[in-house]
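Just so it is clear, none of the values below were taken in a lab; they were calculated from the coordinates. Since we're looking at a predicted model, the values are computed, not measured. Because the Cβ atoms are built from the backbone with ideal geometry, glycine has one as well, and the counts that use them run over all protein chains shown.
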Amino acid sequence: MSSGCTCGPQPCLDLTAAYLQYHKIHQSDTSSEDELTSCHEQIRQACRSHGCFHISINLSKEDEIDSPIKCLAKPMEEVENEIESLFSPSFLDNTDADLNGGLVTARIKDLPSLMTKPFGVVEVCVKDLPNVVPSPFVENATFRGRTAESGDEQQSKPEPKLSWEFRRCLSARTELKEDESNHDPPSTQPSELHPHLDSSHAENDAWDYLPNWTKALHSVASVVIHSIGISQHVVLNETNCGCLRKIVSNKKNYTNLSTEKCNVDLLRCFRYDAISAEEIDQLGSSSHTDWGSLTVVWQDDKGGLQTYCHACEKWTDAAAPERKSASNTIINLFVHVGDFLSLATHGEGMAHLPIWPSPRHRVICPTKQPNKSESSQCRRSLVYFAYPPPNISLAAAQKVVEPLICAESCESTVMFQDYSLLHDQSQQQADQLIGGSSTNFETYEKMRRRPFGEVIQEKWEQVQRN
């Protein structure tokens, strides 16, 4: 392996002991301090060498009962079926979602059904619904269809995938008239408007899947950051959102009343098409790095996730988990460092490059096979993007992270032009591999003292999220 090489195979780590210890889950055989220390060091080494790694978590039936990740401790087929249910025509029938493209937010068609079938963004002011208590899901789910997520409007094309988005923010969202946009938000407390979902009341309800998966994958991000030794409140938001938001009908007059407790963490639920051999050059997700702190991925056995080695200038596959017996419930995930955490390892005044890479990656759609159903061939994945608190700046994070990693040797070949965070993604084509630019370091210098929430808001605008 050459200096700075990040080619596969990526490191494989057993996170079981660290996960059980962090979440204070019952263990019949308590892990030793040496075992935990070794696990923590392996995570740091993987962040340093590749910026990404596979993890496995093996819970006993007794451990699963109290675990935030129990919704994934099941055979792969069960998770695939749950994901598939969110894209079934009968499920989407209850929304205004369009299967064939366009940025479509799920709408509520029948307000009386709100308590039993929450279908997307509430489009009326919450204060006008005194007897209705929407669930967090009502606020936070958006069906993205096949909308391309990079490139400008002239270059964007429908992508060979469908996706749902679930925002971890539990804020109260209200739509006000434009002339009310400067008024104070309703006095009702967010916790009264949006109590946590009780997943026990409807275990098989498809609308519970997204918040449950979000909680599960966030619990893994928490363990990883704790294991690295970085203060979690610097690079993760561990507090449920306590803000109120106003949304006015005029999109140009948008007011976001965030507090330091607000978060922008995001779960994406993907269903990638199987495509013909003639279309094999069409990517399911184009080449990019992720903007935030950590990304945690659950994927099926179809493969397709690839990472790029800058030193060797080639793509390598990230191995997909094997499809095992129904009795095997080991949870297999893939974790990688995001731009924020990577750039946090480049402290102020440090002459070298960021020590931990933010892996450039992409997704190749599976190849369509004859005589097989579409649903059996598509690729399904859950991708959780963990961000830092929106009020923290990169410069503030660097002051905390630098003392922890300053002694680590640096063999990184990742340059500032390799970060999607430092590019205007509204100006590049979806299949473009980011090249060099003299302005990337200048962009980094300008944004590193800004609240990261502002930076992310601008990035969302670049990839046409509005």
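Note on MET415, MET447: ascending count of other Cβ atoms within 10 Å places them as MET415, MET447, the fewest first.
Could I have the simple spin-label model distance between ALA319 and GLN417, label points 7 Å from Cα toward Cβ, reported in nm to one decimal? In this crude label model, ALA319 to GLN417 measures out at 3.5 nm. Averaged over residues, the count of other Cβ atoms within 10 Å places the peptides 368-381, 37-50 in the sequence 37-50, 368-381, highest first. Taking each of LYS399/LYS459; LYS215/LYS372; LYS70/LYS314; LYS24/LYS399; LYS161/LYS314 in turn, the alpha-carbon distance tops 32 angstrom for LYS215/LYS372; LYS70/LYS314. Label sites at GLU374 and ASP66, each approximated as a point 7 angstrom past Cα along Cα to Cβ, lie 4.6 nm apart.
Using θ = phi - 60° in the Karplus curve 6.51 cos²θ - 1.76 cosθ + 1.60, the 3J(HN,Hα) couplings for region 42-53 round to 5, 5, 4, 5, 5, 4, 6, 7, 10, x, 7, 6 Hz; x is entered for Gly and Pro.
Note on CYS7 and GLU77: their simple-model spin labels are 3.8 nm apart, each label 7 Å out from Cα toward Cβ. Here the residues LEU421, LEU353, ranked from fewest to most Cβ neighbours within 10 Å of their Cβ, fall in the order LEU353, LEU421. What does the net charge come to around HIS423 if you take all other residues with beta carbon closer than 11 Å to its beta carbon, with K and R at +1 and D and E at -1? Counting the neighbours of HIS423, the net charge comes to -2.
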